[in-house]
Structures are given as structure tokens and as C-alpha cells.
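Working notes for the structure below.
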Amino acid sequence: MKKISCVISALNEGPRIENVLGVVSNHPLIDEVIVVDDGSYDDSPSFIKSKYPWIRLIKHRINRGFPAAVNMGARSARYKLL
């Protein structure tokens with residue numbers, strides 16, 4: 001079976017992202033989860049790292065927009081299927 005990467009763009013999501021990460025990190029078809037923090041100025045990165053240490057977190061220092069965040073995640077993915 002082919003491996004699948006899931007890319008999520010996040011901006012100032014804090015604990016609200018927990019519902020999404022809980023579902024995708026436990027999904028049987030998803031082998032890798034990448035969150036691209038697109039310049040958040042809240043506690044999103046620290047929340048993700050503390051609650052979901054197995055998720056790959058990529059941080060943009062400034063907001064570059066959704067397309068740039070998804071592109072960064074796709075380029076960083078280990079698997080071809082997204």
C-alpha cells in the first residue's frame with residue numbers, strides 16, 4: 001500500500017487545531033502529518049509540539065499565505081501522495 005502525507009496549514013489556531021490533528025494523526029491511511037505554521041503569533045506552535053510531538057512542524061516566521069504554506073508542506077513531504 002502506498003504511503004500518504006497530510007499537510008495542514010495553520011495560522012493562530014492554538015487548541016482549536018486539536019480536533020483536526022486528533023483525527024488525522026489516528027487515521028489508518030495517513031502515514032505522515034505535517035503542520036505548516038504560517039506565521040502564528042499565538043501559542044499554536046508550542047501547543048502542537050507539546051500535544052503532538054510526532055507531527056512534523058514547519059514554521060514560517062511571517063505569514064506567507066495558504067498557498068505558500070501548503071506548497072512548503074508538499075515539498076517537505078516524505079511521500080508522493082498528499
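The values are calculated or read from the model by the stated rules, or taken from the named source; none is laboratory data. Small disclaimer: the values here were computed from a predicted structure and weren't measured. Please note: Cβ atoms are built from the backbone with ideal geometry, for glycine as well, and neighbour counts cover all protein chains shown. With ligands, DNA and RNA removed, areas are computed over all heavy atoms of the protein, side chains included. Shrake-Rupley method; radii C 1.70, N 1.55, O 1.52, S 1.80 Å.
Averaging over all projection directions, the Cα-based convex hull of the chain occupies 4.9 nm² in the image plane. Taking other residues whose beta carbon is less than 12 angstrom from the beta carbon of Ser5, and scoring Lys, Arg as +1 and Asp, Glu as -1, yields +4.
Taking amide hydrogens as placed 1.01 Å from N in the peptide plane, the amide H of Ala77 sits under 5 Å from that of no residue at least 5 positions away in sequence or on another chain.
Of the solvent-accessible surface of the chain, computed with a 1.4 Å probe and all protein chains present, 55% belongs to carbon and sulfur. A 1.4 Å probe run over the chain, with the rest of the protein chains in place, finds 64 Å² accessible per residue. Cross-link partners for Lys51 among the lysines, with Cα-Cα distance under 21 Å and sequence neighbours closer than 8 places in the same chain left out: Lys59.
So if we plug the beta-carbon distance of Val20 and Ser76 into 1/(1 + (r/R0)^6) with R0 = 22 Å, what FRET efficiency do we get, rounded to 0.05?
Efficiency at R0 = 22 Å is approximately 0.75.
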